Amino acid sequence: MDRAEEVSTKLERVRGWLDREHRDAVLFRSQANFAWLTAGGRSHVSIGEESGIASVLVTRSDAVVITTNIERPRLLDEELAGLPYEVLAHRWHAPEDLVAIVEKVSPAAATDVPLGPFTVADESLPALRYTLLQPEVERYRSLGRDAAEALESAARAAEPGMTELEISALLSSECRARDILPLVDLVGSDDRIDRYRHPIPTDRRARRTVMLAVTGRRHGLHASLTRFVSFGPVESEREDRAPSAARVDARYLNASRPGASLADVFAAGVAQYASEGYPGEEERHHQGGLTGYAGREIFATTTTGHVLAENQAVAWNPSITGTKSEDTVLVGAGFPEILTRTGRWPEIEVQLDGERISRPGFLVR
């Protein structure tokens, strides 16, 4: 399946949604949906905004990309070549032109991101992108390997006495060299790992232990993982807790099968926390959930009804104070495929229901 065939298949999904929702058109403005509908195209100038510099308008018979006169040349050359889209441009200083173009096609169009008079679609619209096509699976495998190599390279380059910001810069550099945008770039050291589940890097100098976590985006897809480095022997409390966190993670992974709801998987992890002697630990940190074209498409809770299917991606991130376990995986018929694994990082082998399951361990330097 080439890019044009991939896009055509996705446009058919969208037109099926139009039929079910009794609508004539839908406008996709978000960077995530642009990437999805262009087989990995980039519509950002600023990564800090939900909407990009181009939108995709899909009707029952046509599909057009709408952008500004500034962006049209690059999009045609670098993002949309060979794809089944007409590309329209409006004046860069007249954003109202976008509303006028859409209203001319369908005054009752739906939209993914609020715009003018158009109705914002419900969660059934982003759900169209949750199950990945084979080309997306291959892009995800490549991203997962590269994201893991980037983070693990930064972890190996970190030295005691470096600041968290300096280690964060290593991680960011390794990601950008692989065309990955590090949307989440967390580095915590020593007691900050214990105090904060999301340690934003600071000028604190690392002494004994460093945690690195990244969510990296490429072609619209997101890969998340966490790794720990210990300068010298692992501190005893972390060493004691790490196998428990790994078993909770393994439980989440083992439960992530087609037909299981996210609530079911969440409940399995919560029960494992309790059996490890840490009841209620899930209240201290979100546990992850469905991923793909967002860092988390859906966060899992006790009431999350989404049912997993083959070729959907999940990223679980259980933590017990001072330690954590996280990778991005692809749901399949059996145990999920771990996408963010290089095979060159120390691993913890845990026993779960008579099976041996490997999860990331500490790199001791």
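The values are calculated or read from the model by the stated rules, or taken from the named source; none is laboratory data. Note that the structure is a prediction, hence the values are computed from the model and not measured. We place every Cβ from the backbone using ideal geometry, glycine too, and count neighbours over all the protein chains shown. These area figures cover heavy atoms from the full protein model, side chains too; ligands, DNA and RNA do not enter into them. Shrake-Rupley method; radii C 1.70, N 1.55, O 1.52, S 1.80 Å.
Based on the reciprocal of the average 1/r between different C-alpha atoms, the Kirkwood radius for the chain equals 21.6 Å. The local environment of residue 247, defined by Cβ-Cβ distances under 10 Å, has a net charge of 0 under the rule Lys, Arg +1 and Asp, Glu -1.
By definition, a body whose alpha carbon gyration tensor gives a ≥ b ≥ c is oblate when a/c is 1.5 or more and a/b is not larger than b/c, and the stretch 255-349 fits this oblate description. Mean separation of Cα pairs under 8 Å and 6 or more residues apart, divided by the residue count, gives the stretch 254-365 a relative contact order of 23 percent. Fully extending the segment from residue 21 to residue 8, taken as 0.36 nm per residue of separation minus the present Cα-Cα distance, adds 2.7 nm. Counting Cα-Cα pairs of the stretch 102-164 in 5 Å increments starting at 0 gives whole-percent bin shares of 4, 13, 12, 10, 10, 10, 11, 10, 9, 6, 4, 1, 0. Note on residue 100 and residue 307: with the Förster distance fixed at 25 Å, the Cβ-Cβ geometry gives a FRET efficiency of about 0.05.
Looking at the stretch 106-180, none of the trypsin sites (Lys or Arg not before Pro) sits in a DSSP loop with at most 12 other Cβ atoms within 10 Å of its own Cβ. In whole percent, and with a 1.4 Å probe on the protein chains, what portion of the accessible area of the chain is carbon and sulfur? So the carbon and sulfur contribution to the accessible surface is 50 percent.
Taking amide H positions as modeled 1.01 Å from N, with prolines and chain starts lacking one, the residues under 5 Å from residue 63 and 5 or more places away or on another chain are 86. Here the contact order of the stretch 156-242, divided by its residue count and restricted to Cα pairs under 8 Å and six or more residues apart, works out to 28 percent.
Taking all protein chains into account, the per residue accessible area for the chain stands at 41 Å² (1.4 Å probe).
So what's the gap between the Cα centers of the stretch 293-365 and the stretch 69-95, to the nearest angstrom? Each part reduced to its Cα centre gives a spacing of 39 Å.
Near residue 153: Cβ cut-off under 13 Å, other residues only, Lys/Arg at +1 and Asp/Glu at -1. The net charge is +2.
Once backbone amide H atoms are built at 1.01 Å from N, residue 119 has 111 as its partners under 5 Å, excluding neighbours fewer than 5 places away on the same chain. Using just its DSSP H runs of length 4 or more, each adding -39500 (n - 2.57), the chain gives a mean residue ellipticity at 222 nm of -10000 deg cm²/dmol after division by all residues. Name the shape class, rounded, prolate or oblate, that the alpha-carbon gyration tensor gives for the stretch 163-209, where a ≥ b ≥ c are the square roots of its eigenvalues, rounded holds for a/c under 1.5, and otherwise prolate holds if a/b is larger than b/c and oblate otherwise. Because a/c hits 1.5 or more and a/b exceeds b/c, the stretch 163-209 counts as prolate. For the chain, the relative contact order is 14 percent, taking Cα pairs closer than 8 Å that sit 6 or more residues apart in sequence and dividing their mean separation by the residue count.
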